[in-house]
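Inspection log for the structure reproduced underneath, given as C-alpha cells.
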Amino acid sequence: MLKPLPVRRTAEFEEIPARVSKCAVFTLKGVLHSVPSQLIGHRLMVRQYAQHVECWLGGQCVLKLPRARPAQGQRVGRAIDYRHLVGALKREPGAFARWVLRDAAFPRAVYRQTWERLAAQRPEREACKTMVGLLVLAADGHEAQLAQELEQLIELDQMPDLNALTQLLAPPKGDVPQVVVTLPTLAVYDDLFEVAL
C-alpha cells in the first residue's frame, strides 16, 4: 500500500512572506515576533520549522528565532525580545507607559515588579526614563546581575537609582600601562639598503 519515497527530501519548513512594521515586529500565523530595528520596512521571507523560525532577506539568513505559539486563550501570541526594541525606546522613553508590547518586553518577573513600583511611586516621565534605562543596562549584558540588584532593592523597599546601578555594573577601570616606543634613526635603513646590494 505504501508508495516509494521521493527521490529528493522534501522541505522541512514552510515559507511565508512577512513585512516588518515600523514598530520592528511582524506577524506569522497568529504570533507577533520582534526583530532588530535595522529590518524595519523590509519584506522578509520567513521559514517556519517545527522548533524555530528563520528570517531571510535577499537570500541570506538574517535572524533565527525560537518558534512561539499563542498561549491558551490568547488570539495572538507574542515572541518579543526587548533587546530588539530597546534602541527605539531609548530615543522615546516616555512612550513606555502606554506601549502596547510593554508587558511582553520584560525579560524577567523582577523587572515587571520594578516597573509596577516605579509607576506607583514616581511621576510617569521619571518612571519611564528609569525603566528604559534599566532595560538598556540589561540589554548591554547585565540582565542577570541587574535582576539580582533589583530583587535586593525590592526586599529593602528601596527604589532603583539608575546612576548608582550604572556605576555598579560598569566594568572596572584598569590602569593603562605606559608604553615607550623608540624609533630608529633613518640612517639605519641606509645601512640595510647597502647590505642588500
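Brief remarks on what is shown
- Here region 69-109 is treated with +1 on each Lys and Arg Cβ and -1 on each Asp and Glu Cβ, and its dipole about the Cα centre works out to around 40 debye.
- Note on region 115-197: semi-axes of the ellipsoid equivalent to its C-alpha gyration tensor, largest first and rounded to whole Å, are 57, 13, 11.
- Summed residue charge, Cβ within 11 Å of C61's Cβ, Lys/Arg positive, Asp/Glu negative: +1
- Selected from Q72, Q51, Q152 as most flexible by GNM, with the chain as the system and alpha-carbon contacts under 10 Å: Q72
- Anisotropy class of region 77-127 from Cα gyration tensor, a/c 1.5 cut: oblate
- Solvent-accessible ranking of F193, F96, largest area first, probe 1.4 Å: F193, F96
- When the charge dipole of the chain is built from unit charges on Cβ atoms (+1 for Lys and Arg, -1 for Asp and Glu) and taken about the Cα centre, the candidate among P123, F13, T166 whose Cα reaches farthest toward its positive end is F13.
- With protein chains left intact and a 1.4 Å probe, residues in the chain average 71 Å² of accessible area per residue.
- Accessible-area composition of the chain, carbon plus sulfur, in percent [1.4 Å probe]: 53 percent
- For the pair V180 and T10, the difference between a 0.36 nm per residue extended length and the Cα-Cα distance amounts to 54.8 nm.
- In order through region 119-129: 3J(HN,Hα) via Karplus (6.51 cos²θ - 1.76 cosθ + 1.60), integer Hz, x for Gly, Pro: 5, 7, 10, 10, x, 4, 4, 5, 4, 5, 4
- Amide H to amide H distances under 5 Å link W56 with M45, V46, R47, V62, where only residues 5 or more positions off or on other chains count and H is placed in the peptide plane.
- Mean Cα-pair separation over length for region 1-112, i.e. relative contact order, pairs under 8 Å, 6 or more apart, %: 21 percent
- Dipole magnitude of the chain about its Cα centre (Cβ charges: Lys, Arg +1; Asp, Glu -1), debye to nearest 20: 1660 debye
- Gyration tensor verdict on the chain (Cα atoms; rounded if a/c is under 1.5, prolate if a/b is larger than b/c, oblate otherwise): oblate
- Dimensionless Rg/Rh of region 24-97 - Kirkwood Rh, Rg from C-alpha atoms: 0.99
- Partner lysines for K173 [C-alpha distance under 24 Å; skip if fewer than 8 residues away on the same chain]: none
- Rounded to whole numbers, the Karplus 3J(HN,Hα) couplings from phi for region 70-78 are x, 5, 4, x, 9, 7, 10, x, 9 Hz, using 6.51 cos²θ - 1.76 cosθ + 1.60 with θ = phi - 60°, and x at Gly and Pro.
- Rel. contact order, % - alpha carbon contacts under 8 angstrom, at least six apart, region 54-197: 17 percent
- Positive-end extreme of charge dipole, the chain - chosen from Q178, F26, L137 (charges on Cβ): F26
- Measuring between alpha carbons in the structure, the pairs from K64/K90; K29/K64; K64/K129; K22/K64 lying more than 26 angstrom apart are K64/K129.
The values are calculated or read from the model by the stated rules, or taken from the named source; none is laboratory data. As the structure is a prediction and not an experimental result, all values here were calculated from the model. Heads up, the Cβs are rebuilt from the backbone with ideal geometry, glycines too, and the neighbour counts pull from every protein chain shown. Ligands, DNA and RNA are excluded from the accessible area calculation, which covers all protein heavy atoms including side chains. Shrake-Rupley method; radii C 1.70, N 1.55, O 1.52, S 1.80 Å.
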